[in-house]
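Chemist: Below are the structure tokens for one structure; questions will follow.
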Amino acid sequence: MLKSYLASLSTALVLSTALIAPAHAETLRMASQGDATSLDPHSHNESFTNYFLANIYEGLVARDKTFEIAGQLAESWEQVDATTWRFNLRDGVTFHDGSAFAADDVIFSMDRALSETSNFKHVLASVESYSAVDDMTVEIVTKAPNPILLNDLLDLMILDKQWAEANGAAEPINLQAEEKAFSATNANGTGPFSVVSRAQGERTTLTAFEGYWGETGNVSDVDFTPINNAATLVSALLSGEVDLVMPLPLQDIARVEAGEGVKVVSSAEARTMYIGMDQWRDQIIESPVEGNPFLDLRVRQAIAHAVDAQAIIDRVMQGQATLATQYVMDKVNGYNPDLSRLDYNVDTAKALLAEAGYPDGFELTMDCSTDRYVNDGQICQATVSLLARVGITVNLIAQPKAQFFPKVVAPDFGTSFFLLSWTPSTMDSLNVFQNVLGTRDLDNGVGAWNISGCSVPEADALAAEAAVTMDAAAREKMLQDAMALMVEDVCLVPLHVQQLVWGAAENIDVVQHPTFEFPLEYFNVN
Amino acid sequence: MFDRIRSDFWYELLNSPVTIVSAIIIVLMIIGCTFAPIFAPHTPFDPATISIMDNNMPPAWADGADPRFLLGTDLQGRDVLSAMLYGGRISLLVGIGAVALSVVIGMAVGLLAGYFGGMADAVLMRIAEIQFAFPPILIALLFNGILKASLPADVFAQAAVPIMILAIGLAGWVQFARIVRASTLVQRNQDYVTACHAVGLPTLTIILRHITPNILGPVLVLAMLQIAVAIVTEATLSFLGLGTPLTEPSLGALIQIGSQYLFSGVWWVVIFPGIMLLVMVVAFNLVADWVRDYLNPRLR
């Protein structure tokens, strides 16, 4: 099963056309609408930050050019028994500062990922214990058989123990406190690129790591600049000031397609956008309403009926998205093809609101980022106007992600209505249950991104069972059933699955993965 | 001063057609924006009346236009003309409000410093000079940032206009303080002030009833110029995403939204609000210029 869906995914890849990379130095200048929140690899589980850092830090395993899971810092692994995995670490790997990589770094990084301020506890949720067998071997024992342990480990980045401890970075940065610690602006990984300079929100420069153990393309330096204004971003690409823009603003696709020396590169992204509703507070915040209307299923259904997701796709996303029926896209394992989305119907929505005791609607505040997802601010504005038609008055707080995320993340979850999205980096819907849909159990790494605070115990049980089921077909069925329960409960209102659209100079060969990775070591400048 | 206004004001004004046009533009903009709900064909700040299916319509004279939207619509389906009128209202309100605040603070500081001199003068004017060393936009950003950090996000979003008035007003008082202090220094040694002292009038009365009317001329000129500056500052803050919320954009915020679509052919969202901002600022400047010339006997 694993093989088959990975194989189908690989067709979505844009493969390099260059046969052998020339050996001379090439700088890749890239730009995006936002910046990585920090350089700390365990602080903020956000795709852009994760995959930016994946060029600097490495995990035990990673996806290769064809999207297959391959050994990275682990050269090979074997399953000693159903729950015990032994990883043989790669020899001769050094960190950017020259110190050698060994098993204690892996153990340290796992401890770090499990510490209080980590946003990556879920990657080790299935793990009972881990230990260093010797200097170059690590053993992981899972609580129960875990068929997707390797997928889980994809997001676990490995740091240098001595470096982190010497610099007061033994624990991840507290995202909510917006802490400015050493590991926010400094990095010491084993990855193909090392950090030369870092100015948050302005510019980050990387250079190819001389001592890198693996093969790389010909990119020798990376110059990354966040550019928030769409027109500035596109003019930078058109004028040759940058070589790569990701994502490319949708309204400018036609302009770039028509442009000289530039191209549009696109493929399906495994990101599902959704609207979340507070289902855990007795009183929703930042709203004059008494109590919490979202505790009533009919109100949640009304919101789903009122938000015309197809109109948002057609108008705001300019057709560069597909309608989401559930909280994962169709290429993710556990996708349930039998589910459908509640239809857009203002009258049904109004009737449901009236039944729930809100015939005139109510007023509330919506939180939204403006530089995280494709057209996120615009999607929120459209939502505001769509909800106004059923009498729900929405006060929109649209902020850059640097302000948005600290407000809405754990442990305070400071929002009662918001736009967010999720990409299961494992390409398996269990990841969504662990992070977004599962009943919150923060100490055990479950529901760290369940900002809605929704809870469907039967779905939790199914997901927990799937987590320890080795039979792929039975496991998939459980995940599908669990997804059906969540959709029926309207835990979130699914909107759309966005298309991955980049703009690049003609001479750049890129690799696109549906999970938004941008492994720069596979990129080439011709 | 006020006597002179009565005798030759109209003569001077009628001899300056540029000023007349500018003044008419300002009056029309103030009326149009103040009564935006009456003049605007749509209510862009009411999300219930906006349909996303009407988005990106070109202006009425272009191909594929909808006659309901004279200057086209933006990505959300908002009527650009209506959004300009409503947005212009915010810009004017912030511009005038911020300058009113600057005038009040600046006059109080300038009168105190100029009239009493000594320690009060030294301390107040040093503070003013320190602030003067920083560009006003930086000060406005600072105040805006402090307020944003100290207020809950929902309060901040709903109080965007008063917050901007406060931020820009606090950034602009120094110039008023300096000009008022200089004028007060001249006035306080005049014979009429000595006479006031002689008849035993209280200090406050002397300052408010006798000195203040005599220093209003330069303050008026500066205020008109500063309104234009404040409108641009507001537009800058909004353009940087620090001003009005996305659902209730001011002119600057409209330009910011429109500027995202410069390459996509949707030019009308940025061009029309841009022209309106330009015309508004130039008109205020031209009228202020004329008032300055009018009040300055040496220029005539």
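The values are calculated or read from the model by the stated rules, or taken from the named source; none is laboratory data. None of the values given here were measured: they were computed from a predicted structure. Because the Cβ atoms are built from the backbone with ideal geometry, glycine has one as well, and the counts that use them run over all protein chains shown.
Chemist: Would you mind stating whether A:Val436 is more than 14 Å from chain B (Cβ to nearest Cβ) and crowded, with 23+ Cβ neighbours inside 10 Å?
Modeler: When the stated conditions are applied, A:Val436 passes them.
Chemist: Here's a check for you: in the range B:265-279, which residue that is in contact (Cβ under 8 Å) with a residue 40 or more places away in the chain and within 14 Å of chain A (Cβ to nearest Cβ) is nearest to A:Gly503 (Cα to Cα)?
Modeler: Step by step, filter the range B:265-279, then rank; the result is B:Val266.
Chemist: Here is a follow-up. Could you tell me how many of the residues in the range B:59-115 are without any contact (Cβ under 8 Å) to a residue 12 or more places away in the chain and closer than 24 Å to A:Leu386 by Cα?
Modeler: Count: 2.
Chemist: Checking A:Gln251 against (1) away from chain B (no Cβ under 14 Å); (2) of a type outside the set (A, V, I, L, M); (3) out of contact with any Asp or Glu (no Cβ under 8 Å at 6 or more places or on another chain), only one condition comes out false. Which one?
Modeler: Going through the list (1) away from chain B (no Cβ under 14 Å); (2) of a type outside the set (A, V, I, L, M); (3) out of contact with any Asp or Glu (no Cβ under 8 Å at 6 or more places or on another chain), A:Gln251 breaks only (1).
Chemist: Which of (1) surrounded by fewer than 22 Cβ atoms within 10 Å (Cβ to Cβ); (2) closer than 20 Å to A:Gln381 by Cβ is the odd one out, the single condition B:Ile90 does not satisfy?
Modeler: With (1) surrounded by fewer than 22 Cβ atoms within 10 Å (Cβ to Cβ); (2) closer than 20 Å to A:Gln381 by Cβ applied to B:Ile90, the lone miss is (1).
Chemist: Something else about it: Which members of the range B:237-264 meet the condition of being more than 14 Å from chain A (Cβ to nearest Cβ) and in a helix (DSSP H, G or I)?
Modeler: Passing the criteria: B:Leu237, B:Leu251.
Chemist: Within the range A:341-372, track down each residue that is touching a strand residue (DSSP E or B) at 6+ places or on another chain (Cβ under 7 Å), surrounded by fewer than 20 Cβ atoms within 10 Å (Cβ to Cβ) and under 21 Å from A:Ala324 (Cβ atoms).
Modeler: Matches in the range A:341-372: A:Arg341 only.
Chemist: Would a scan of the range B:246-266 turn up a residue that is of a type in the set (Phe, Trp, Tyr) and more than 16 Å from B:Met84 (Cα to Cα)? Outline the logic, then answer.
Modeler: The initial filter retains those residues of the range B:246-266 that are of a type in the set (Phe, Trp, Tyr), namely B:261, B:263.
Still in the running and more than 16 Å from B:Met84 (Cα to Cα): B:261, B:263.
Yes - at least one qualifying residue is present in the range B:246-266.
Chemist: Looking at B:Ile52, is it buried (at least 18 other Cβ atoms within 10 Å of the Cβ) and within 14 Å of another protein chain (Cβ to nearest Cβ)?
Modeler: Criteria met by B:Ile52.
Chemist: May I pose another question? How many of the residues making up the range B:216-235 are buried (at least 22 other Cβ atoms within 10 Å of the Cβ) and either among the acidic types (Asp, Glu) or within 11 Å of B:Val180 (Cα to Cα) (or both)?
Modeler: 2
Chemist: Let me ask something additional. Could you tell me whether the range B:150-158 includes any residue that is within 14 Å of chain A (Cβ to nearest Cβ), touching a strand residue (DSSP E or B) at 6+ places or on another chain (Cβ under 8 Å), buried (at least 22 other Cβ atoms within 10 Å of the Cβ) and among the small types (Gly, Ala, Ser)?
Modeler: Within the range B:150-158, one or more residues are within 14 Å of chain A (Cβ to nearest Cβ), touching a strand residue (DSSP E or B) at 6+ places or on another chain (Cβ under 8 Å), buried (at least 22 other Cβ atoms within 10 Å of the Cβ) and among the small types (Gly, Ala, Ser).
Chemist: Further question: Of everything in the range A:387-396 that's within 7 Å of chain B (Cβ to nearest Cβ) and touching a residue at least 60 places away in the same chain (Cβ under 8 Å), which residue is nearest to A:Ala356 (Cα to Cα)?
Modeler: Among them, the one singled out is A:Arg389.
Chemist: For the range A:38-108, give me every one of the strands (runs of 3 or more DSSP E) that falls completely inside it and has 3 or more residues that are more than 17 Å from the chain's Cα centre (by Cα) and surrounded by fewer than 24 Cβ atoms within 10 Å (Cβ to Cβ).
Modeler: A:69-71, A:74-81, A:84-89
Chemist: Moving on to the next point. Checking A:Val264 against (1) in contact (Cβ under 8 Å) with a residue 40 or more places away in the chain; (2) of a type outside the set (Gly, Ala, Ser); (3) more than 19 Å from A:Gln318 (Cα to Cα), only one condition comes out false. Which one?
Modeler: Unmet condition: (3).
Chemist: What tally of residues in the range A:299-320 results from selecting those that are touching a helix residue (DSSP H, G or I) at 6+ places or on another chain (Cβ under 7 Å), within 14 Å of chain B (Cβ to nearest Cβ), in contact (Cβ under 8 Å) with a residue 12 or more places away in the chain and of a type in the set (Gly, Ala, Ser)?
Modeler: 2
Chemist: Okay, moving on. For the range B:21-53, what are the residues that are polar (S, T, N, Q) and more than 16 Å from the chain's Cα centre (by Cα)? Write out each step before concluding.
Modeler: The initial filter retains those residues of the range B:21-53 that are polar (S, T, N, Q), namely B:22, B:34, B:43, B:49, B:51.
Result: B:Thr43, B:Thr49, B:Ser51.
Chemist: Going residue by residue through the range A:412-427, is there one that turns out to be within 14 Å of chain B (Cβ to nearest Cβ), closer than 19 Å to A:Thr325 by Cα and not acidic (Asp, Glu)?
Modeler: yes
Chemist: Which residue out of B:Leu141, B:Leu147, B:Leu170 is closer than 18 Å to B:Val94 by Cβ, within 14 Å of chain A (Cβ to nearest Cβ) and surrounded by 14 or more Cβ atoms within 10 Å (Cβ to Cβ)?
Modeler: B:Leu147
Chemist: Pick out the one residue from A:Gln434, A:Gln403 that is at pLDDT below 95 and either in contact with a helix residue (DSSP H, G or I) (Cβ under 6 Å, 6 or more places away or on another chain) or of a type in the set (D, E, K, R) (or both). Even if it seems obvious, please write down each step before you answer.
Modeler: Numbers: A:Gln403 fails: either in contact with a helix residue (DSSP H, G or I) (Cβ under 6 Å, 6 or more places away or on another chain) or of a type in the set (D, E, K, R) (or both).
Criteria check complete, one pass: A:Gln434.
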